[in-house]
Amino acid sequence: MSAKPALSIPELTSPTTDMATAAAVLGIGRSTAYSLAAAGDFPCKVIRIGTRYRVVTADLHRLLAIA
């Protein structure tokens, strides 16, 4: 089996992204990302819509220092 290619930052062009994508870009596990978001400790702004979490892409770009 071949490894899944890493996400490239240009793919993050929408205003928000899902938690799994943000976690992959930050290099943390999905479960850890959801736990951080639930505790209010995720390093970027997180919007909760019903049972879903969305990460503000602009904050993710700032954290990665590409904005």
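The numbers here are math on the coordinates, done by the rules we state, and not lab data. What you are looking at is a predicted structure, and each value in this text was computed from that prediction instead of being measured. All Cβ positions, even for glycine, are placed from backbone atoms using ideal geometry, and neighbour counts span all protein chains on display.
Remarks
- Debye equation applied to the C-alpha atoms of the stretch 14-63, log10 I(q)/I(0) at 0.32 Å⁻¹: -1.48
- Ascending count of other beta-carbon atoms within 10 Å, so fewest first, for ASP41, ASP59: ASP41, ASP59
- Taking the fewest neighbouring Cβ atoms within 10 Å as the starting point, the ordered list for ILE28, ILE47 is ILE47, ILE28.
- Extension gain, ALA38 back to ALA58 (0.36 nm per residue minus Cα-Cα distance, nm): 5.2 nm
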